[in-house]
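In what follows, a structure is listed as structure tokens, so that the remarks can point back to it.
The values are calculated or read from the model by the stated rules, or taken from the named source; none is laboratory data. Since we're looking at a predicted model, the values are computed, not measured. Don't worry about glycine lacking a Cβ; one is built from the backbone with ideal geometry, like all the others, and counts go over all protein chains shown. Protein only, heavy atoms only, side chains kept; ligands, DNA and RNA dropped before computing areas. Shrake-Rupley method; radii C 1.70, N 1.55, O 1.52, S 1.80 Å.
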Amino acid sequence: MTSSELWTRETADRYDAEEAENSSPAALGPTLDFLAELAGDGRALEFAIGTGRVGVPLRERGVPVTGIELSEPMAAVLRRKTDEETLPVVIGDMATTVVPGEFTLVYLVYNTIGNLLTQDEQVACFENAARHLAPGGRFVIELTVPPLRLLPPGQTAVPFDVSERHLGFDTFDLVEQTLVSHHFTRDGDDGRYRRGSCRQRYAWPAELDLMARIAGLELESRAEDWNGTPFGPDSAQHISVWRKPVA
């Protein structure tokens, strides 16, 4: 059983509304361009496809997409957008679930590998990606660089959003290499806030590269964003691509 926390129906039903800005054509355009180019004429597999924020528009671009999703409520929201024949989704965890066929692209976006709370499961996720890839295929991960440089001595919390309708901050366990994201979201105009939280395991780019080597994959590229901005010491996130060698 995966250590990922299971997203509920309540969370699934409001997910698209809360992610509307990140789901706009302007925001998603570079992501879709990047993934479609890597997929080429082949098939793409999205780990943790969720409500289809990326997978559905990628399929609309002509890329055959299959998804793996742990949360049945999240997959049910996706199913309102497109049918099973157009975009198949298998219910299961991304570390062990196997779907038929080979893919030229496996991708995992939006920090979601952090939902696996142990290093062993994250390694298994890389191995599962490699299992599905055709020779020469790529595994893509979008992930935040742990912002530990922002922690003064003795402090364990870092804010990531302070706005009128949302307050978000992460608290870190530096021994266990985990964080908890805390969210206070204003739902209406009566001043009430809804509280939510989720746990993640953070990992550095170098640790992911070692996981990839264990799975038989090779680092091909790393950029700061989907537009290809060079990755550097001050980059807050990275888009990393590992390739399965051609035998």
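Miscellaneous remarks
- Test: residue in segment 37-55 that is touching a Pro at 6+ places or on another chain (Cβ under 8 Å), of a type in the set (S, T, Y) and either part of a loop (DSSP other than H, G, I, E, B) or assigned by the TED database to the domain that holds W226 (or both): no
- Positions within segment 154-178 being among the aliphatic types (A, V, I, L, M) and not in a loop (DSSP other than H, G, I, E, B), in sequence order: A157, V158, V162, L167
- In segment 73-100, the residues that are over 25 Å from L117 (Cβ atoms) and part of a loop (DSSP other than H, G, I, E, B): R80, K81, T82, D83, E84, E85, T86, L87, P88, P100
- Breaking point among (1) under 26 Å from R14 (Cβ atoms); (2) touching a Leu at 6+ places or on another chain (Cβ under 7 Å), for S197: (2)
- Unique match (being in contact (Cβ under 8 Å) with a residue 60 or more places away in the chain, out of contact with any Phe, Trp or Tyr (no Cβ under 7 Å at 6 or more places or on another chain) and surrounded by 15 or more Cβ atoms within 10 Å (Cβ to Cβ)) among E121, E142: E121
- Residue among H238, H183 that is modelled with pLDDT of 95 or more and open to solvent by less than 60 Å² (accessible area, probe 1.4 Å): H238
- Residue among S197, S181 that alone is in contact (Cβ under 8 Å) with a residue 12 or more places away in the chain, under 22 Å from T2 (Cα atoms), touching a Cys at 6+ places or on another chain (Cβ under 6 Å) and not in a helix (DSSP H, G or I): S181
- Some residue of segment 58-72 being surrounded by fewer than 18 Cβ atoms within 10 Å (Cβ to Cβ) and either assigned to a helix (DSSP H, G or I) or in contact with a Cys (Cβ under 6 Å, 6 or more places away or on another chain) (or both): yes
- Scoring E220 on the criteria (1) more than 18 Å from Y110 (Cα to Cα); (2) charged (D, E, K, R); (3) in a loop (DSSP other than H, G, I, E, B) leaves a single failure, condition (3).
- Leading residue by the ranking (nearest to E21 (Cα to Cα)) among those in segment 33-57 that are open to solvent by less than 10 Å² (accessible area, probe 1.4 Å) and among the hydrophobic types (A, V, I, L, M, F, W, C): V54
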